[in-house]
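These notes are about the structure you will find just below.
The values are calculated or read from the model by the stated rules, or taken from the named source; none is laboratory data. Quantities reported herein were computed from a predicted structural model and do not represent experimental measurements. Virtual Cβ from ideal backbone geometry, glycine too; neighbours counted across all protein chains shown.
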Amino acid sequence: MRGMNSACVDLIYLDPPFNSKANYAAPIGSKAAGAAFKDTWTLTDLDVAWINLIEAKHPALYRVLLAAMTDSDKSYLAYMAVRLIEMRRILKPTGSVYLHCDPTMSHYLKLVMDAIFGRRNFRNEIAWCYRKWSVAAGQFVRNHDVMLFYAGDERTFNPQFVEPSAGTRKRWKGQRQQAVFVDGVRQARASYDSKARSPCPDWWEISVLNPNAKERVGYPTQKPLALLDRIIRASSDEGGIVLDPFCGCATACIAAEQNQRQWLGIDVSPKAAELVQSRMRDELGLFYQGAHRTDIPQRTDIGKLIPYNDAKNKRKLYGEQSGCCAGCGELFRANNLEVDHIVPRAKGGTDHLSNLQLLCGHCNRVKGNRGMEYLKSKLQIAA
Ligand SMILES: C[S@@+](CC[C@H](N)C(=O)[O-])C[C@H]1O[C@@H](n2cnc3c(N)ncnc32)[C@H](O)[C@@H]1O
Ligand SMILES: [Zn+2]
């Protein structure tokens with residue numbers, strides 16, 4: 001995501017690990033065999049360094065991270081926070097984001113989303129309700145996931161409609177009824193319209209995939225196409241760009257393609273890339289022509305830049321840092337400081353001044369081709 005231009009996507013749906021404290025693997029013999037991911041979290045030096053960086057640059061978000069009750073939760077939230085910050089940057093002002101999670105972390109994630117996307121941009125907490133006949137001793141069966149929907153005032157939103165419930169249909173005595181609103185006020189009289197359907201509420205009854213469902217590929221945590229179909233129709237227009245940064249077996253990508261949207265899927269698992277290609281071919285009969293990249297794209301929205309270690313950059317940074325190394329904080333003469341990429345180029349960092357800093361020779365060698373969180377964690381260990 002770091003290599004993507006700012007304000008370039010219309011809709012982001014993300015279904016990341018939920019902090020379920022479980023590890024997932026696809027069954028042997030299924031199309032997804034070989035796919036696996038870990039959802040267990042322990043606080044590492046790197047997490048602490050990330051949290052310190054968040055403290056410096058995003059104080060409101062830092063205060064939310066402090067609310068985490070355990071180190072494992074803190075590690076999970078730091079992981080989510082750094083990715084959500086990047087999503088905020090690449091989302092268009094007209095765009096929407098849907099974060100799929102479950103009640104394990106939804107209350108913490110809502111605070112993180114408020115801090116990053118703005119509390120006033122919170123639109124809905126959608127409950128995806130399904131039926132699974134599991135046994136729950138001493139409590140109600142947990143049968144819903146949560147989707148946190150954020151979008152600004154200029155958002156794209158195409159209202160969606162659902163079939164009225166059986167009870168409502170009975171009350172309407174077989175006729176369909178539509179409430180009439182004049183200047184936002186509901187009128188006593190209702191008109192009758194045989195095609196009327198109810199506006200979609202914030203709880204969605206959509207079945208989980210049954211073991212024999214045609215669309216099932218065996219990917220652990222695969223979501224139904226119907227769920228993504230509704231999100232994509234509601235919050236994007238034809239030709240719009242949909243991003244799923246944890247795309248798994250490509251459910252969002254398939255739904256986007258079916259609805260004539262452009263799409264991008266990202267996943268850490270190489271198996272996911274294979275599944276994107278095979279599902280496009282098998283389910284849509286497409287001669288798949290999409291690009292599969294394993295390199296980091298380079299941003300093209302930051303203009304033509306001077307060489308990163310140009311004397312002009314060095315002078316400017318020396319002033320901004322008051323002559324101190326951005327790692328150890330010691331004061332140095334200008335010729336003992338070196339220009340460094342905060343986010344390394346190999347990880348999508350640019351030559352733009354906002355991604356440059358001065359480090360002393362020692363800090364620069366320790367950091368090498370890694371991120372600041374690595375240098376900070378090494379300096380903490382040495383302290
Ligand atoms: C809950 S699953 C997504 C399932 C997907 N919505 C579907 O319908 O198939 C989470 C995905 O996140 C991926 N993942 C885990 N850590 C990641 C990371 N750091 N970056 C990108 N993807 C990651 C896993 O490989 C897994 O495919
Ligand atoms: Zn230093």
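Summary of values
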{"quantity": "Hits in region 335-355 - residues which are among the hydrophobic types (A, V, I, L, M, F, W, C), at pLDDT 95 or above and either in a helix (DSSP H, G or I) or within 26 Å of the chain's Cα centre (by Cα) (or both)", "calculated": "none"}
{"quantity": "Leading residue by the ranking (surrounded by the most Cβ atoms within 10 Å (Cβ to Cβ)) among those in region 9-22 that are away from ligand 1 (no atom under 11 Å from the Cβ) and over 20 Å from LYS74 (Cβ atoms)", "calculated": "LEU11"}
{"quantity": "The listed residue being buried (at least 21 other Cβ atoms within 10 Å of the Cβ) and aliphatic (A, V, I, L, M), out of LEU77, LEU53", "calculated": "LEU77"}
{"quantity": "Test: residue in region 279-286 that is in contact (Cβ under 8 Å) with a residue 60 or more places away in the chain and either more than 16 Å from ligand 1 (Cβ to nearest atom) or assigned to a loop (DSSP other than H, G, I, E, B) (or both)", "calculated": "no"}
{"quantity": "Residue ID - nearest to the chain's Cα centre (by Cα), chosen from residues in region 266-278 that are among the polar types (S, T, N, Q) and more than 11 Å from ligand 1 (Cβ to nearest atom)", "calculated": "GLN277"}
{"quantity": "Cross-chain or 6+ apart pairs with Cβ under 8 Å, region 75-100 first and within 25 Å of GLU154 (Cβ to Cβ) and part of a helix (DSSP H, G or I), then of a type in the set (D, E, K, R) and more than 16 Å from ligand 2 (Cβ to nearest atom)", "calculated": "GLU86/ARG2"}
{"quantity": "From the options ALA49, ALA60, ALA67, ALA56, residue that is in a helix (DSSP H, G or I), of a type in the set (A, V, I, L, M, F, W, C) and closer than 15 Å to VAL112 by Cα", "calculated": "ALA60"}
{"quantity": "So LYS31, is it over 22 Å from ALA272 (Cβ atoms) and among the basic types (Lys, Arg)", "calculated": "no"}
{"quantity": "ARG2 being among the basic types (Lys, Arg), in contact with a Pro (Cβ under 8 Å, 6 or more places away or on another chain) and within 16 Å of ligand 1 (Cβ to nearest atom)", "calculated": "no"}
